[in-house]
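So the structure is just underneath, and the comments pick up after that.
The values are calculated or read from the model by the stated rules, or taken from the named source; none is laboratory data. Just so it is clear, the model here is predicted, and its values are computed rather than measured. Neighbour counts run over all protein chains shown; Cβ positions are idealised from the backbone, glycine included.
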Amino acid sequence: MFAGHFAAALAAKSVAPRTSLGTLTFAAQWIDLLWPTLLLAGLERVRIEPGATATNPLVFEHYPWSHSLAAVFAWALVIGALHFTTRRNARAAVVIGALVVSHWLLDVVVHVPDLPVVPGGTPVGAGLWNHREAALLLELGLLAGGAALYVRSTSALDRIGRWGLAAFIAFLVVIQVANTFGDPPPSVTAIAWVGQLQWLLVAWALWLDRHRAPRMAARLSEATA
Ligand SMILES: [Zn+2]
């Protein structure tokens, strides 16, 4: 899954309006931000096999540290706790932890059974990647829903707030469609380095969010929670 994770971050702004979309994106996408580094370090493994699924040519051979449910829970605790110690916002810390876990729950819908619950355990996955149009519709539907919630809970302060967001969403759609219909990547090293570029999406979200303000209703709901 790709766009769906960004959708989760966008949607979370309505329950954590004072938390930057950059932070929310980091949390929702953390295990995919970590994975390329673990690939480069040789700690996790993937294989390119065109046609492995109708949508995705990757066979995830070994990724217990980034993509087992047990590891994801541990990451959620660590990242939620780190956020709480710096910001003292319990609600935001819980939302951030939940976003870290949401990544695995969204992945399990599209992945074929390759996601371990515990490292070394039986892998699971509902395999929606074998239905290309349905998988794409799900990604784009989630993104539309997440974007709508984000727009409803924030308002643009200037042009960057308005067009920076529009460009961000459009870019995610383009990448999602390219991932769905494009050629397989040339090598695992290429996957890992292109994967590192996702940090730029975190920076982009951080930047555009500074040019938008939470709407009153969203602020009040957090204040009274
Ligand atoms: Zn993932």
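Restricting attention to region 185-203, report how many residues are within 20 Å of Val59 (Cα to Cα), in a helix (DSSP H, G or I) and not β-branched (Val, Ile, Thr). Quick ask: steps written out before the conclusion?
Let us first name the residues in region 185-203 that are within 20 Å of Val59 (Cα to Cα), namely 185-196.
In the following step, the residues that additionally are in a helix (DSSP H, G or I) were identified as 188-196.
Remaining after also requiring not β-branched (Val, Ile, Thr): 190, 192-193, 195-196.
Number satisfying all stated conditions: 5.
Just to check your reading of the model, which residue among Val109, Val100 is within 12 Å of the ligand (Cβ to nearest atom), within 26 Å of Gly182 (Cβ to Cβ) and touching a residue at least 24 places away in the same chain (Cβ under 8 Å)? Working first, answer last.
Values: Val100 fails: within 26 Å of Gly182 (Cβ to Cβ).
None of the others qualify; the one that does is Val109.
Taking the condition of a type in the set (Gly, Ala, Ser), farther than 19 Å from Ala16 by Cβ and free of Cβ contacts under 8 Å to residues at least 60 places away in the same chain, does Ala167 pass?
Values: of a type in the set (Gly, Ala, Ser): yes; farther than 19 Å from Ala16 by Cβ: yes; free of Cβ contacts under 8 Å to residues at least 60 places away in the same chain: yes.
Yes, satisfied.
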Ser20 passes all but one of the listed conditions (1) touching a Leu at 6+ places or on another chain (Cβ under 7 Å); (2) over 25 Å from Leu138 (Cβ atoms); (3) within 13 Å of the ligand (Cβ to nearest atom); the exception is number (3)
Of those in region 204-225 that are at pLDDT below 95 and in a helix (DSSP H, G or I), the residue surrounded by the most Cβ atoms within 10 Å (Cβ to Cβ) is Ala218
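State all residues of region 119-157 that are assigned to a loop (DSSP other than H, G, I, E, B) and exposed (fewer than 15 other Cβ atoms within 10 Å of the Cβ); if no residue qualifies, say none.
Of everything in region 119-157, those that are assigned to a loop (DSSP other than H, G, I, E, B) and exposed (fewer than 15 other Cβ atoms within 10 Å of the Cβ) turn out to be Pro119, Gly120, Gly121, Thr122, Ala126, Leu157.
Hey, which of the helices (runs of 4 or more DSSP H) in region 32-118, taking only ones fully inside, have at least 3 residues that are buried (at least 19 other Cβ atoms within 10 Å of the Cβ) and touching a His at 6+ places or on another chain (Cβ under 6 Å)? Break it down into steps so the answer makes sense when it comes.
Working: elements: 64-67, 69-87, 90-110.
Helices (runs of 4 or more DSSP H) meeting the threshold: 90-110.
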Restricting region 54-75 to residues that are at pLDDT 95 or above, out of contact with any Asp or Glu (no Cβ under 9 Å at 6 or more places or on another chain) and within 14 Å of the ligand (Cβ to nearest atom), the one nearest to Pro184 (Cα to Cα) turns out to be Ser68
Residues of region 1-16 being part of a loop (DSSP other than H, G, I, E, B) and under 22 Å from Leu137 (Cβ atoms), in sequence order, are Met1, Phe2
